[in-house]
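Notes for the one structure printed next.
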Amino acid sequence: MKKRDFILFYLNGERHEVRGAQCGLMLSEYLRIVKNLTGTKIVCAEGDCGACSVLRYFPYSAKKENIFLPINSCIATIAQMDGSSLITVEALGFTPVQKAMVNCHGSQCGFCTPGFVMALTGLVEKKICSKNISANLTAQESKNALTGNLCRCTGYQPIIDAAESIDLAKCESVNEKFLSVTLKKDLLKNLKIPVEIKTDDFYFMAPTKNITAAKALSKKNQLLAAATDLGVVHNKRKIKLNQLVSLHLVSDLYQIKKTKNRLSVGARITLAELRTQIKDLIPEFANFLDLFASPQIKNIATLVGNVATASPIADTPPFLLTMNTTVEIQGPKSKRTVPLESFFKGYRKIDLKPNELITALHFDIPQKNEILKLYKVSERKDMDISAINFALRLSWSDQAQTEKNLQIKDLKIAVGGVAATTLRLYKTEKFLINKSPTAENLEKAAEIIHQEITPLSDLRASDSFRRIVAENLFHKFFREINV
Ligand SMILES: Cc1cc2nc3c(=O)[nH]c(=O)nc-3n(C[C@H](O)[C@H](O)[C@H](O)COP(=O)(O)OP(=O)(O)OC[C@H]3O[C@@H](n4cnc5c(N)ncnc54)[C@H](O)[C@@H]3O)c2cc1C
Ligand code: FES
Ligand code: FES
């Protein structure tokens, strides 16, 4: 079968074929060192500050939108950029976004400025593409779009003022310049061809089929999704990403499928895309995702990657554990499906062999008679890792219900940050099912929670804080639903 031995992307409209070990560079390094595009800054090198933001278009997605989205170039490898069109700050020209930053004094030392400009341009693009330019940007939507950008000098007010003053009617979409029909055709043609790059100290392969990827995976060759976890490990712990298998060419994995009661989310679906697609279907989860990282991270990070990290404080597993999630797994010979409960085996341990990969997650869509609430407690509201996260899903018994005889028919509780893995609180659930949520029963249940969890103290929170918060969130849930 025909294979490519190069990574293809367009950078500021120019076609690039990258070969050999350069494919293992981080995109920010490639831009600054190889291309001398030093407008893209490297400050934190771990996805936190947004100084390295660039805009990226990638042809495959569930909705097939033609939109450039901001991502962090410091934690993305060149290999992953295969099939993309990328824009750096140099190529924008002096746009209304930059004019607004100048007019409102939104820049002092300037280190963060290119990142702010790229993030704001991303927001402007979103508005233009959704044809929503009748009103200018609001302070709140600008703040939301800038949660992944840090400035140590100006303070944020001048930057927010700049955002609000941008005249959207005068903004042109970057698509005009950087997304021609020929460019898209070229990318789509090449995305159908598998990639294999071998050098003495770098190996990267991207097949077009899951089974071929499974055959290529091993203890040495690890699976790379968006690298928002792996890229940080590479930069900060100096663990090389030099033996990689990527699923970005497997077009089947860019699917979100809905049946009556269930949703299937393919391994390549990003958190941003998921949020858009479930906005009306599972609003509680969609709103919860607003507290997950930054737009730059969510525009590329996958839901499946969040599950596969098996971090006890990952934010999506509590929701997924209350939703009867099953994990669809592809091996070198066959497929299998396991419940998420048994998929988490221990601290950062999952039920996945070195030559297996996750193809999709399937989970319940909450029904009208159910109540779902999700909570995240972290030191900061935005852009912070959870100290504890909590999910509760409840349905009442079908019998005639008055406030006095409410009875719990089904209850699922999952908590992160209180054990080696995200926990389902089976004992607490069992105690409360078929009971009324009286003050006495809820107190007893809180005592059971106390026994079920085994939190540790770490830099995010002490064990006693986590215990108190777990119990308080449990009580908060019942208070919020007015029982
Ligand atoms: C600044 C910053 C903020 C963050 N904020 C949050 C936050 O608020 N909440 C939170 O929970 N997380 C957060 N994260 C962590 C991270 O963004 C998520 O865990 C993300 O979902 C990982 O997805 P990815 O596609 O980038 O995975 P990658 O980094 O590519 O991979 C992560 C792991 O999953 C494995 N993997 C990926 N796909 C598959 C597959 N299909 N089959 C088998 N294994 C697979 C990889 O081999 C790797 O071991 C943050 C990270 C950063 C850098
Ligand atoms: S350099 Fe800080 S997010 Fe990339
Ligand atoms: S202007 Fe200096 S960090 Fe923002």
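The values are calculated or read from the model by the stated rules, or taken from the named source; none is laboratory data. None of the values given here were measured: they were computed from a predicted structure. Cβ coordinates were reconstructed from backbone atoms using ideal geometry, including for glycine residues, and neighbour counts include every protein chain displayed.
Figures for the structure shown
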read-out	value
Extreme residue, farthest from Thr38 (Cα to Cα), among residues of region 108-153 that are touching a helix residue (DSSP H, G or I) at 6+ places or on another chain (Cβ under 6 Å) and of a type in the set (S, T, N, Q)	Asn136
Criterion: more than 27 Å from Ile365 (Cα to Cα) and hydrophobic (A, V, I, L, M, F, W, C) - qualifying residue of Ile433, Ile468, Ile413	Ile468
Val265 vs. criteria assigned by TED's automatic domain parsing to the domain that holds Asp48, of a type in the set (Val, Ile, Thr) and in contact with a helix residue (DSSP H, G or I) (Cβ under 6 Å, 6 or more places away or on another chain)	no
Among the residues listed as Thr270, Thr259, Thr309, the single one being over 24 Å from Arg380 (Cβ atoms), among the hydroxyl-bearing types (Ser, Thr, Tyr) and either within 16 Å of ligand 2 (Cβ to nearest atom) or assigned by TED's automatic domain parsing to the domain that holds Leu340 (or both)	Thr259
Answer residue from region 215-246, given it is closer than 30 Å to Lys63 by Cβ and over 16 Å from the mean Cα position of the chain (by Cα) and is farthest from ligand 1 (Cβ to nearest atom) among those	Ala216
Checking Thr402 against (1) part of a loop (DSSP other than H, G, I, E, B); (2) more than 26 Å from Ile269 (Cα to Cα); (3) at pLDDT 95 or above, the condition it does not meet	(3)
Members of region 361-399 that are within 30 Å of Thr147 (Cα to Cα) and assigned to a loop (DSSP other than H, G, I, E, B)	Ile365, Pro366, Ser378, Glu379, Arg380, Lys381, Asp382, Met383, Asp384, Ile385, Ser386, Ala387
Within region 28-84, considering residues that are basic (Lys, Arg) and modelled with pLDDT of 95 or more, the one farthest from ligand 2 (Cβ to nearest atom)	Lys35
Selection count where residues are among the hydrophobic types (A, V, I, L, M, F, W, C) and either free of Cβ contacts under 8 Å to residues at least 24 places away in the same chain or surrounded by fewer than 17 Cβ atoms within 10 Å (Cβ to Cβ) (or both), scope region 149-163	2
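Yes/no per residue for (1) without any contact (Cβ under 8 Å) to a residue 12 or more places away in the chain; (2) surrounded by fewer than 19 Cβ atoms within 10 Å (Cβ to Cβ); (3) in the same structural domain as Arg32 (by TED's automatic domain parsing); (4) assigned to a helix (DSSP H, G or I):
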site: Gln80; (1), (2), (3), (4): no, no, yes, yes
site: Met101; (1), (2), (3), (4): no, no, no, yes
site: Cys109; (1), (2), (3), (4): no, yes, no, no
site: Met118; (1), (2), (3), (4): no, no, no, yes
site: Glu125; (1), (2), (3), (4): no, no, no, yes
site: Ile133; (1), (2), (3), (4): no, yes, no, no
site: Thr147; (1), (2), (3), (4): no, no, no, no
